[in-house]
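Computed from the coordinates by the stated procedures, all read-outs in this text should not be read as laboratory data. Given the structure is predicted, the values throughout are model-derived calculations rather than measurements. Glycine also receives a Cβ, built like all others from the backbone with ideal geometry; neighbour counts cover every protein chain displayed.
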Amino acid sequence: MLEEYLVYRTYNLLTDESFRVQLAHVTYVDSRGEDDPVVRYAFFIEPEDAVAERLGSTILEINQLHPKHFGAEQAVRMTLFQYMMGNTDFSMVYFHNSVLMRDAAGVHFPIPYDFDWSGFVSPSYARPDEALGIRSVKDRIYRGFCRPTFDFSSVYEQFLDVHQSLREVYSGVVGLEEDRLRDALEYVDEVLRRHLFGQRERAYREGVP
């Protein structure tokens, strides 16, 4: 549960176009009085209408939308984030595990949620869709769409800019066991260091702004 909470917090660092979350302790009481109360971690998720109001946007109740209608930066950031977290349990077309919104300028953007099947969380019950050709939810596959006219390096920089902040947020979660913290940081670093740092270095060598 704490790992899924951290997925939301990760996206909060990247963009305000995300669901804010609040960590909590919940006490469960047996109404029959047979068992002692149990305290567990939980988190509250910001309601959709509150997100829309905060962003000055409108929730769109439609069944599907072609990816070309999304704001390019928003779409790339979201799908790259899903890749970093190892999450394939979403759809950019049918809005599975995402809410579609439109801002005041008319730009469409998705806000993702429900990350328990991601590789970052990796619960014992999670299995990837066989059609994706991966064996484990910890295996990454990029599910974004081709955008040949968009400069991906601008989004890469956003991820690299929050690298240190991720470590601070993850380390600040009381209750996250040391081995789980280490695994979480290593899983994210695998993308940030091997993929995104490499992309930036190649761009500089090739003279790409």
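Annotations for the structure displayed:
- Considering all C-alpha pairs of the chain, those separated by over 21 Å amount to 58%.
- Longest exposed-site-free window of the chain, the sites being GluC sites (Glu not before Pro) in a DSSP loop that have at most 16 other C-beta atoms within 10 Å: 62-176
- When Met78, Met1 are arranged by Cβ crowding within 10 Å, least crowded first, meaning fewest neighbours, the order is Met1, Met78.
- Separation of the Cys146 and Tyr125 label points, Cα + 7 Å toward Cβ, nm: 3.9 nm
- In degrees, nearest ten, helix 178-191 long axis to first principal axis of the chain (Cα): 10 degrees
- When the P(r) is computed for segment 140-192, the part past 12 Å accounts for 73% of the Cα-Cα pairs.
- At full extension, Ser136 and Asp16 could sit 40.2 nm farther apart than now, given 0.36 nm per residue minus the alpha carbon distance.
- Signed unit charges on C-beta, dipole axis of segment 8-140, positive-most listed residue Ala126, Ala42, Met84: Met84
- For Thr27, net neighbour charge (Lys/Arg +1, Asp/Glu -1) across residues whose Cβ lies under 15 Å away: -2
- Each peptide in 104-110, 148-154, 114-120 gets a packing score, the mean of other Cβ atoms within 10 Å over its residues, and the list from highest to lowest is 114-120, 104-110, 148-154.
- For segment 16-32, the Karplus equation 6.51 cos²θ - 1.76 cosθ + 1.60, evaluated at θ = phi - 60°, returns couplings of 6, 7, 8, 7, 6, 10, 10, 6, 8, 9, 10, 9, 9, 10, 6, 5, 8 Hz by residue, with Gly and Pro reported as x.
- Sparse-neighbourhood loop sites, trypsin sites (Lys or Arg not before Pro) in segment 30-87 - DSSP loop, at most 16 other Cβ within 10 angstrom: Arg32
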